[in-house]
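This report refers to the structure that appears directly beneath it.
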């Protein structure tokens, strides 16, 4: 999270496209799980990689369905605010978006923190999962990050991604409430979840 500009410079929130591509990344051609399993059967290294990525599905097991009534291949479940030496703070992302929007995490100025997203992948491999986070204060964008999460095979267990370390702003000008707009999407610009929440930066915990 960048230190806010005391003069309030920056682009208005509505003018920033949170679905910008990660620099230098080109999405691969989409393939079904069956096509991936049948490809390069004589490549031992590739077979080991597919086994790691797909788990039981690599052996021809039944399609993985964790939530059969949910048509999405990616189900975003939780967000955690991670600060070393303190318990992780959890946000249930299966709640109503209006309730999520009212959630505010309080952190101490100047500390380092990470964001962890937990999600389920079912049915098919998903490629190029991406987490985009845009932070604004008083209607002005102060920071924007786009993280390539990667490709994941379907599993019954929760899978997760943790962002690199961020530094919270410091000083009187850095304290206050920051609005965060988050997006979890993929190569095809399919949006699995888009949600809003807040971070309140204070002098102390």
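The values are calculated or read from the model by the stated rules, or taken from the named source; none is laboratory data. Everything numeric here is computed off the predicted structure, so don't read it as measured data. For neighbour counting, all protein chains shown are included, and Cβ atoms are generated from backbone atoms with ideal geometry for every residue, glycine included.
Search region 118-127 for residues being modelled with pLDDT under 95 and in a strand (DSSP E or B), and hand back the single one that is nearest to residue 76 (Cα to Cα). Talk me through it step by step, then tell me what you get.
Filtering region 118-127 for residues modelled with pLDDT under 95 gives 123-127.
After this cut, where a residue has to be in a strand (DSSP E or B) as well, the list is 126-127.
On the way: 126: 13, 127: 15 Å.
Here the answer is 126.
Output the residues belonging to region 157-205 that are under 13 Å from residue 115 (Cα atoms), without any contact (Cβ under 8 Å) to a residue 60 or more places away in the chain and assigned to a loop (DSSP other than H, G, I, E, B).
Within region 157-205, 163, 164, 165 qualify.
Looking at 130, 190, 134, which is the one that is closer than 27 Å to residue 68 by Cα and at pLDDT 95 or above? Reasoning before the result, please.
Numbers: 190 fails: at pLDDT 95 or above; 134 fails: closer than 27 Å to residue 68 by Cα.
Going through 130, 190, 134 in turn, just one is closer than 27 Å to residue 68 by Cα and at pLDDT 95 or above: 130.
Looking for something at pLDDT 90 or above and in a strand (DSSP E or B) - is there at least one such residue anywhere in region 52-71? Walk me through it before giving the result.
So the first thing to find is which residues in region 52-71 are at pLDDT 90 or above, and the list is 64-71.
Of the ones still in play, those that are also in a strand (DSSP E or B) are none.
For region 52-71, residues at pLDDT 90 or above and in a strand (DSSP E or B): absent.
Which members of region 104-136 meet the condition of being surrounded by fewer than 18 Cβ atoms within 10 Å (Cβ to Cβ) and more than 12 Å from the chain's Cα centre (by Cα)?
If the condition is that a residue be surrounded by fewer than 18 Cβ atoms within 10 Å (Cβ to Cβ) and more than 12 Å from the chain's Cα centre (by Cα), then 104, 106, 108, 109, 110, 111, 112, 127 are the ones that fit.
Applying the selection to region 82-113, what residues are more than 16 Å from residue 184 (Cα to Cα) and in a strand (DSSP E or B)?
Result: 82, 89, 90, 104, 105, 106, 107, 108, 112, 113.
If you scan region 167-186, which residues turn out to be crowded, with 19+ Cβ neighbours inside 10 Å and over 13 Å from the mean Cα position of the chain (by Cα)?
Hits for region 167-186 are 168, 169, 174, 178, 179.
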